[in-house]
Amino acid sequence: MSASRVVAVTGNESVAEALRQVNPDVSAAYPITPATDIMQRFTHYVSNGKVKTEMILVESEHSAMSACIGASAAGGRVMTATSSQGLALMWEELFIASGYRLPIVMSLVNRALSAPINIHCDHSDGMGARDCGWIQLWSENAQEAYDNTIQAFRIAENMDIRLPAMVCMDGFIISHSIERMEYLDDDAVRNYVGDFKQLYPLLDIAHPVSYGPLILSDYYMEYKRAHAEVMSKVKHVVLDAASEFERISGRKYGLFEDYRLDDAEIGLVVLNSAAGTSKDVVDAFRDRGIKAGLLKPRLFRPFPYEEVGEALKHLKAVCVLDRADASGASYGPLFMEIASSVSPYSPRPVLLNKIYGLGGRDYLPGHAESVLSELAEVAATGKVRTFKEYIGVRE
Amino acid sequence: MKPRGWKELNPGAVITEAGSARKFKTGSWRSFKPVWIEENCIQCMMCWIYCPDMAITAKDGKRGEFNYYFCKGCGICALECPGKKGKKAIVMEEEGQ
Ligand code: SF4
Ligand code: SF4
């Protein structure tokens, strides 16, 4: 294990530090709250000569992602950061980055989408981009955001997959709150990510290549089938990257975190910062002799549905907490993943869905308590009051 | 050539063969066709410079016939052609006339 520094920093600061340590070749970005702070700090590193990165300041996020695509195809290690509308403006480019199999790393500081305009946290931005062919890693706190950012380079750039990766953390709740965490040594991070390996670099003029050919009905489906195959390899790459990361950091990561799940009868499934609050409440229920547990997805794309199904199948009742509404859909986006994960099993847990925390609405221990109490009731009686509802909202 | 299956594709649809566009017939899109009137041609090569494809053949610094395999009939060459004494050396004719 390498030496580490204990620091008190915000989530944004921790990601900027990870990017400084990785020292990518190119970055293109456009400011948007709450991600602005990451690139603001990073551009200081550029100006002060702390990194050798070619920093491209562009006029929009559409241009930011376009420039990242160009730089990545040219043969560089590339990163950017954004939030909310910024990610929405990158939309068409996201598919191009993944379709070209470019290992761009992007920090996504989760923020609600307009309208009504709002700058605070929910997961509607990341969920909106969940099917764009990128890898998504979600992070509970500043430490995880830092650790996932470093691992994302190694995962994305793995020669077996070569896919862009998005690292999510909760806007303001994590991005702007100061926490105690540990930084790795610069050398440890650089050795861990290693030298960037190029694949079909445009700037290798001795081996000319073309990106972006027109692929019509004769081959398009074959390319999409190939993409699905590559996606199926990602979980192995993520686990390898995690075990190597544990060697240098002592911190253990998997496809998801299973918290007191082994003998649990009731459980919560929740992403990002709300998992921290929920784990405290799970502990309090355990102290009262109630077998509660929690599953916090980390790798959300590709979704490890077989492993998640296996981890949840023995529970009696599970509530999936969604910090995004899939407007007009049956249930929230996380719920639909969990429901399909447990669907092959019989018996399987009764599933409830609660939509919470939209636009930065607080998620408090009381919310977790009432959900767990309801689950205990469902587990005991088999009776369900309602399968889906919004919590923390005024009637 | 037998079409390839999904396991045989290059990642990202990247084409690693230089100049492979030569194999791709794009002239079939054309609805207007440029016609070269050699007697009005001053061999300025403007058409060769402006043609967005490889549809104007050139040899020893002089243009030859159109290569209609690639010509899309965009009309740029006809527009740019200065011709001789106000007479164009390229005119566009509707296909199938
Ligand atoms: S019509 Fe267009 S494509 Fe055809 S030769 Fe002229 S410039 Fe080239
Ligand atoms: S532009 Fe006109 S005059 Fe010049 S080379 Fe072409 S055809 Fe001849």
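Hey, can you tell me all the residues within segment B:8-30 that are in contact with an Asp or Glu (Cβ under 8 Å, 6 or more places away or on another chain) and either over 26 Å from B:Pro52 (Cα atoms) or exposed (fewer than 10 other Cβ atoms within 10 Å of the Cβ) (or both)?
B:Leu9, the sole residue that qualifies.
Looking at segment B:1-26, I want the residues that are more than 7 Å from chain A (Cβ to nearest Cβ) and have a partner that is not charged (D, E, K, R) with Cβ atoms under 7 Å, at least 6 apart or on another chain. Which pairs are those?
B:Asn10/B:Thr16; B:Lys25/B:Tyr69; B:Thr26/B:Phe70
List the pairs whose first member sits in segment A:119-134 and is within 17 Å of A:Glu61 (Cα to Cα) and among the hydroxyl-bearing types (Ser, Thr, Tyr), whose second member is part of a loop (DSSP other than H, G, I, E, B) and open to solvent by 10 Å² or more (accessible area, probe 1.4 Å), and whose Cβ atoms are under 8 Å apart, counting only residues at least 6 apart or on separate chains?
Sorted first by the residue in segment A:119-134, then by its partner, the list stays empty.
From A:Arg225, A:Arg154, A:Arg190, A:Arg180, which residue is open to solvent by 10 Å² or more (accessible area, probe 1.4 Å), within 11 Å of chain B (Cβ to nearest Cβ) and either in contact with a helix residue (DSSP H, G or I) (Cβ under 6 Å, 6 or more places away or on another chain) or not in a loop (DSSP other than H, G, I, E, B) (or both)? Before the answer, list the steps.
On the way: A:Arg154 fails: within 11 Å of chain B (Cβ to nearest Cβ); A:Arg190 fails: within 11 Å of chain B (Cβ to nearest Cβ); A:Arg180 fails: within 11 Å of chain B (Cβ to nearest Cβ).
When all the criteria are applied, what remains is A:Arg225.
In segment B:43-62, which residue that is closer than 19 Å to B:Lys33 by Cβ and of a type in the set (Val, Ile, Thr) is farthest from ligand 1 (Cβ to nearest atom)?
Per the stated criteria, the residue is B:Thr57.
Pairs only if they're at least six apart or on different chains, beta carbon under 8 angstrom, first in segment B:33-58 and free of Cβ contacts under 8 Å to residues at least 60 places away in the same chain, second part of a helix (DSSP H, G or I) and more than 10 Å from ligand 1 (Cβ to nearest atom); list them, first residue then second.
Every condition considered, the pairs that remain are B:Met54/B:Ala21; B:Met54/B:Arg22.
Residue check: is B:Pro34 within 8 Å of ligand 1 (Cβ to nearest atom) and under 20 Å from B:Lys23 (Cα atoms)? If you could, list the steps in order and put the result at the bottom.
Values: within 8 Å of ligand 1 (Cβ to nearest atom): yes; under 20 Å from B:Lys23 (Cα atoms): no.
No.
If I ask for residues that are loosely packed, with under 14 Cβ neighbours inside 10 Å and closer than 20 Å to B:Arg22 by Cβ, which ones from segment B:59-97 would you list?
Once the filter is applied, which keeps residues that are loosely packed, with under 14 Cβ neighbours inside 10 Å and closer than 20 Å to B:Arg22 by Cβ, segment B:59-97 yields B:Lys59, B:Gly64, B:Glu65.
How do the pairs read when you match residues in segment B:70-97 that are at negative phi and without any contact (Cβ under 8 Å) to a residue 24 or more places away in the chain with residues anywhere that are open to solvent by less than 70 Å² (accessible area, probe 1.4 Å) and in a loop (DSSP other than H, G, I, E, B), using Cβ under 9 Å and keeping only pairs 6 or more apart or on different chains?
B:Cys74/B:Arg30; B:Cys74/B:Cys51; B:Cys74/B:Asp53
Of everything in segment A:159-177, what is open to solvent by 40 Å² or more (accessible area, probe 1.4 Å) and more than 14 Å from chain B (Cβ to nearest Cβ)? Give them in sequence order.
Correct list: A:Phe172, A:Ile173, A:His176, A:Ser177.
I need every pair where a residue in segment A:195-220 that is assigned by TED's automatic domain parsing to the domain that holds A:Leu163 has its Cβ under 6 Å from the Cβ of a residue that is open to solvent by 60 Å² or more (accessible area, probe 1.4 Å) and among the hydrophobic types (A, V, I, L, M, F, W, C), sequence separation at least 6 or different chains.
What qualifies is A:Pro208/B:Ala18.
Looking only at segment A:55-92, how many residues end up being within 25 Å of A:Arg20 (Cβ to Cβ), more than 17 Å from the chain's Cα centre (by Cα) and assigned to a helix (DSSP H, G or I)?
13
Give all pairs with beta carbons closer than 9 Å in which a residue from segment A:377-392 that is without any contact (Cβ under 8 Å) to a residue 60 or more places away in the chain and under 18 Å from A:His367 (Cα atoms) meets a residue that is in a loop (DSSP other than H, G, I, E, B) and aliphatic (A, V, I, L, M); count only pairs at least 6 apart in sequence or on separate chains.
What qualifies is A:Gly392/A:Leu364.
The values are calculated or read from the model by the stated rules, or taken from the named source; none is laboratory data. In this text the structure is predicted, and so the values were computed from the model without any measurement. Don't worry about glycine lacking a Cβ; one is built from the backbone with ideal geometry, like all the others, and counts go over all protein chains shown. Note: areas computed on protein heavy atoms with side chains; ligands, DNA, RNA excluded. Shrake-Rupley method; radii C 1.70, N 1.55, O 1.52, S 1.80 Å.
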